[in-house]
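Read the structure below first, then the notes.
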Amino acid sequence: MLVRIDPDSPAPLHAQISAAVRRGIAVGEIAPGERLPGARDLAAALGVNLHTVLRGYQELRAEGLVELRRGRGAQVRPDAAPAVAALRQAVHALVDEARRLGLSTAEVTEMVREAMA
């Protein structure tokens with residue numbers, strides 16, 4: 001799993017870490033049941049405080065994507081995949097509706113960018 005952070009980004013570092021894991025799950029780079037890097041190891045690799053990584057992992061736990069167990073680390077929940085499947089369905093529905101309305105890829109992409117800003 002590759003986690004990158006941008007110190008110049010306005011997003012907090014812990015949020016960047018949780019977003020990277022979320023994305024990895026969404027695109028299938030991180031499988032349900034897979035163990036995430038240890039918080040200490042990831043903090044050292046990224047050059048951030050241990051508590052920054054733990055806060056990112058805690059966000060993911062609160063969302064129901066990972067389980068945190070003392071001494072065993074963080075692991076992607078086996079049921080994390082249905083959330084990703086639901087997102088994929090929503091994307092397909094968006095594409096179908098955009099086609100029905102005759103919107104171009106550029107127009108839909110711009111709408112998504114605006115919504116994510």
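The values are calculated or read from the model by the stated rules, or taken from the named source; none is laboratory data. Small disclaimer: the values here were computed from a predicted structure and weren't measured. In this analysis, Cβ positions are derived from the backbone assuming ideal geometry, glycine residues included, and neighbour counts consider all displayed protein chains. When the accessible area is computed, the model is the full protein with side chains, heavy atoms only, and any ligands, DNA or RNA have been set aside. Shrake-Rupley method; radii C 1.70, N 1.55, O 1.52, S 1.80 Å.
According to the square roots a ≥ b ≥ c of the eigenvalues of the Cα gyration tensor, what is the shape class of the chain, taking rounded for a/c under 1.5, prolate for a/b larger than b/c otherwise, and oblate for the remainder? It would help to have the intermediate numbers written out before the result.
Numbers: a/c = 3.13, a/b = 1.70, b/c = 1.84.
It is oblate, given that a/c is not under 1.5 and a/b is not larger than b/c.
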Probe 1.4 Å, heavy atoms of protein chains only: per residue, the accessible area of region 1-112 in Å² is 65
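For region 14-76, run through the trypsin sites (Lys or Arg not before Pro) and keep only the ones in DSSP coil with at most 12 other Cβ atoms within 10 Å of their Cβ. Intermediate values should be presented prior to the final figure.
Values: sites: ARG22, ARG23, ARG35, ARG40, ARG55, ARG61, ARG69, ARG70, ARG72; in loops: ARG70, ARG72.
For trypsin sites (Lys or Arg not before Pro) across region 14-76 that sit outside H, G, I, E and B with at most 12 neighbouring Cβ atoms in 10 Å, the list reads ARG70, ARG72.
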Go through ALA90, GLN58, HIS14 and say which Cα lies farthest out towards the positive end of the charge dipole of the chain; charges sit on Cβ, +1 for Lys and Arg, -1 for Asp and Glu. GLN58
On the accessible surface of the chain, probed at 1.4 Å with all protein chains in place, carbon and sulfur together account for a percent value of 54
